[in-house]
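Working notes for the structure below.
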Amino acid sequence: MTTPTVVGIDLGTTNSLAAFVLNGVPEVVRDASGNALVPSCLSFHPDGTVLVGRAARERALADPTHTIFSVKRLMGRTLADLQPDLPHIPHQLVERDAEAGRKVLRVTIDGREFTPEELSAMILKEVRKRAGNPTKAVITVPAYFDDAQRQATRDAGRIAGLDVLRIINEPTAAALAYGLHTKGTGVVAVYDLGGGTFDCSILQLTDSVFKVLSTNGDTHLGGDDFDRAIMSMAAKEMGIDLTTTKDAWLLQHLRDAAEKTKIALSSSETAEFAIPDFRRTFTRAELDSLLAPFIDRSLEKCRKALRDAELTPADVNEVVLVGGSTRIPFVRRRVAEFFGRTPHTDLNPDEVVALGAAVQADILSSGRRDRLLLDVIPLSLGVETLGGAMDRIIERNTTVPCTGTTRYSTHKDNQTAILVNIYQGEREVVAANKLLGQFKLSGIPPMPAGFPVVLITFRVDANGMLRVSAKEERSGVEAAVEVKAAHGLSQSEVERLVLESVEHAHEDFAARRVIEFRRKGESALDHMTKALAAHGDKLTHEQRSAIDVASAELRVAMSAGDLPTLEQANAAFEKVILPLAELQMNVVTSALLRGKTEGEVLADGV
Ligand code: ADP
Ligand code: MG
C-alpha cells in the first residue's frame, strides 16, 4: 500500500476515516478487510489498555459501561453548553478548574479522567495509524462549529501527532469531493444524515470561495433514532419495557440487531431482526413508516435553512447526500421530492467528506495557488461593550482569512487597564452569545475617561480561528494579547499532551532522563569544584587524577547527551568522588563537635 504523508480526515460523531489523493484521484484508506470506517468509539479496560474503533464497538456488547461514544458532541463545550444534552450523554462528566480561571471538561471512566481532546486524539491516532502514520492532515468539522469547537478539534489533531494544515467545513468538503466548484457559480444544498446528527447546509460556490449561506440541523436526529424505533417495536412485541429495563446486555443486543436490520433493508425488501431468543421479519415498508416522522423533521430543517438563505428549493443547482443514513432508499426519495431534483449519489455517502478533505489537503500541500479554496466564518465575532451589548467586529459569512478592527476606550478617569470579553454569535446582547475568552490590555497611561483610544484588531486565519491584538493609540502601548480561552485546553496543556502522547512516550522518557542526568551531573561537578578548593590538598595524587579523568568524561557525556554513556559517566564520577565526600564529612562532623551549628558549617562553604 502507498503511504500518504498528507491526508484528509472526517472525524465523525459515529465514524471516522481518512482519505488521500493518489495521482490526482482521492481515495479512502481501508484496512486489510476493506473497511474504511473507524467507529468513533473507545473501550477502556481495567488494566489500562484502550480499544479503538471496531474492536471497541464490538466490546460494547459485553461491556457497555466502559465504552465511550460520540465524543464529538463534547468537543469545545462547557458543562453549561451541554446542559440540554445531558440526558442523552451516558458518560460521567466533570468540569475542573485550570489556570487563569479556565474550565476544562473531563470524562470520568473507571476513576480516570480524559479531556474530549484526548479522547478524540485516540480516535485520530487510530485513523492515522491505518493510513501509515502521515504527519499532516486536513480535518473536517460541521459548518456551525464555533471557534472553541474548531480549536478543540485542532488540538486533538496535534495531540495525535498531526500537523493540522486546515480545519474545513464538512459540507465544503462534500461539495469539493464532487468537484462542484469547477462548474462556476451555483447553489449547493448538502443534506447530511449521519448516526446521531443531521445537518443541512446551503452553500454558494464560485470557483474559489465556498460560502456557507446558512446551516440548520438537529444535533439529535440520525441513524441512532431509526435503530431505536426498530428496537422499540421489537421490544414491545417481546413484552419488554425499554423505559424501565436496566439490562445493559439486552439493550445493546437489541440495538445491534436493529442497526443490522436497518442496514439490510437498504439493499433488500425484507430483513431478519434476530437476537438470541427472538426473531422477526421487517419489511422496507415498515421501516419507511417508522422513519417518516424523522425525515419530515429533517426536511423541515432544510426549509428553514433555505429560508435563512432567502432561497427556495428551485434556486438549488445541486443536492449532495452525505452520511451513512442517506443510503436508505426512502431518505433519497424524500430528499429528491423536496428539492425537485435527483441528488448526487455517485460517491459513497459516508466517505464523501473524507474524500473532499483529501482534495483540500492535496491542494494545500502542493501549494497550487490557482485552486486555493476558502471558507467563510460561520458566526460573527465581537467584543462586549458597555451595557452588555455585542459590538460585532467581523460579520458572519466573511471569507477567511479576514481582519476587523474596533475602537475601545476607558470608562473611568485614570483607568490603566481594560478587560475585554470576546464573544461569538449573532445576538445583540452578549449574554445570549458564546464567550470565547477575554484579554487584558494594561499599562495605559492615566488619562480622563474615554480619552484613550484602544484599537482592537481581530484576525481570523484560514482555519476560521481567531487571534486578537490591541493597541492604545495615544501612548502606543501595545498588548501582546493572548486570548485566554474561557474553557478548553491552554496551549501549554496541549504541548504537554503532545509530549505525553503514547506514541512519543519512549523518546520522551529518554529525553527526560538525559535532562535529569545533565542536571545531576552539573550540580555534582559544581559541588566537586567547591570541595576540591577546600580539601583538594588532602587527596592522594591517584585520587586527584581519578577525579580529573572522571569529571572530564562526565562533561563530554553531558554535552553529547547519549543516555547510556551519560548514565555510566555519572556512576563513575560518583565513585571517584567518594574520598572527597568523606573528607568533607569529617570536616563537617568535627566542626559540629567544636560547637558550630550545622547552618554555620554549611555557610562556611565546606
Ligand atoms: P457520522 O457522520 O455521525 O459519524 P456516518 O455518516 O458514518 O455518521 O453514518 C453512520 C450512520 O449511518 C449509522 O447510524 C449507520 O447505521 C448508518 N448506515 C450506514 N450504512 C447504512 C445503510 N446501508 N443503510 C442505512 N443506514 C446506514
Ligand atoms: Mg459525518
Within the range 33-50, can one find any residue that is more than 26 Å from Q149 (Cβ to Cβ) and within 16 Å of ligand 1 (Cβ to nearest atom)?
-> yes
Which of the residues spanning the range 394-407 are in contact with a strand residue (DSSP E or B) (Cβ under 7 Å, 6 or more places away or on another chain), open to solvent by 30 Å² or more (accessible area, probe 1.4 Å) and either modelled with pLDDT under 85 or assigned by TED's automatic domain parsing to the domain that holds Y144 (or both)?
-> N397, T398, T399, P401
For the range 109-120, what are the residues that are within 17 Å of M75 (Cβ to Cβ) and not hydrophobic (A, V, I, L, M, F, W, C)?
-> E113, T115, P116, E117, E118, S120
The strands (runs of 3 or more DSSP E) lying wholly within the range 1-69 that contain at least 2 residues that are within 16 Å of ligand 2 (Cβ to nearest atom) and either open to solvent by 40 Å² or more (accessible area, probe 1.4 Å) or assigned by TED's automatic domain parsing to the domain that holds A258 (or both) are 6-11, 15-22
Given the residues V420, V460, V454, V430, which is the only one that is among the aliphatic types (A, V, I, L, M) and farther than 30 Å from N169 by Cα?
-> V454
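Results for (1) more than 16 Å from ligand 1 (Cβ to nearest atom); (2) touching a helix residue (DSSP H, G or I) at 6+ places or on another chain (Cβ under 6 Å); (3) at pLDDT 95 or above, shown as yes or no for each residue.
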| site | (1), (2), (3) |
| --- | --- |
| L287 | no, yes, yes |
| A292 | no, no, yes |
| E300 | yes, no, yes |
| D308 | yes, no, no |
| P313 | yes, yes, yes |
| V335 | no, no, yes |
| R341 | yes, no, yes |
Helices (runs of 4 or more DSSP H) contained entirely in the range 113-181, each with at least 2 residues that are charged (D, E, K, R) = 116-130, 147-159
Can T345 be described as open to solvent by 20 Å² or more (accessible area, probe 1.4 Å), away from ligand 1 (no atom under 16 Å from the Cβ) and not small (G, A, S)?
-> no
Note: among D315, D308, D350, just one is under 30 Å from G437 (Cα atoms) and not β-branched (V, I, T), namely D308
Residue that is nearest to C302 (Cα to Cα), among those in the range 219-232 that are open to solvent by 30 Å² or more (accessible area, probe 1.4 Å) and away from ligand 2 (no atom under 14 Å from the Cβ) = H220
Tally, over the range 441-466, of residues that are more than 26 Å from the chain's Cα centre (by Cα), surrounded by 14 or more Cβ atoms within 10 Å (Cβ to Cβ) and not β-branched (V, I, T) | 5
Of residues in the range 233-259 being within 16 Å of ligand 1 (Cβ to nearest atom) and without any contact (Cβ under 8 Å) to a residue 40 or more places away in the chain, the one most open to solvent (accessible area, probe 1.4 Å) = R255
Checklist (1) of a type outside the set (G, A, S); (2) within 30 Å of D63 (Cβ to Cβ); (3) within 16 Å of ligand 2 (Cβ to nearest atom); (4) modelled with pLDDT under 95 applied to L242, failing item | (3)
Tally time: how many residues in the range 524-553 are out of contact with any helix residue (DSSP H, G or I) (no Cβ under 9 Å at 6 or more places or on another chain) and open to solvent by less than 70 Å² (accessible area, probe 1.4 Å)?
-> 2
If a residue has to be among the aliphatic types (A, V, I, L, M) and in a strand (DSSP E or B) to count, how many in the range 414-471 make the cut?
-> 15
Residues of the range 245-266 classified as touching a Pro at 6+ places or on another chain (Cβ under 7 Å) and either at pLDDT 95 or above or within 16 Å of ligand 2 (Cβ to nearest atom) (or both), total = 1
Could you list all residues from the range 189-231 that are within 12 Å of ligand 1 (Cβ to nearest atom), charged (D, E, K, R) and either modelled with pLDDT under 90 or part of a strand (DSSP E or B) (or both)?
-> D192, D199
Could you check A98 against (1) touching a helix residue (DSSP H, G or I) at 6+ places or on another chain (Cβ under 8 Å); (2) open to solvent by 50 Å² or more (accessible area, probe 1.4 Å) and say which number it fails?
-> (2)
Looking at this structure, is R333 more than 32 Å from the chain's Cα centre (by Cα), farther than 29 Å from H181 by Cβ and not aromatic (F, W, Y)?
-> no
Taking the residues in the range 344-359 that are under 23 Å from the mean Cα position of the chain (by Cα) and outside any helix (DSSP H, G or I) as candidates, determine which candidate is nearest to ligand 2 (Cβ to nearest atom).
-> D350
Hey, among the residues in the range 170-196 that are among the β-branched types (V, I, T) and surrounded by fewer than 24 Cβ atoms within 10 Å (Cβ to Cβ), which one's nearest to ligand 2 (Cβ to nearest atom)?
-> V187
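The values are calculated or read from the model by the stated rules, or taken from the named source; none is laboratory data. Note that the structure is predicted; figures quoted are calculated from it, not measured. Heads up, the Cβs are rebuilt from the backbone with ideal geometry, glycines too, and the neighbour counts pull from every protein chain shown. These accessible areas exclude ligands, DNA and RNA; they are computed on the full protein's heavy atoms, side chains included. Shrake-Rupley method; radii C 1.70, N 1.55, O 1.52, S 1.80 Å.
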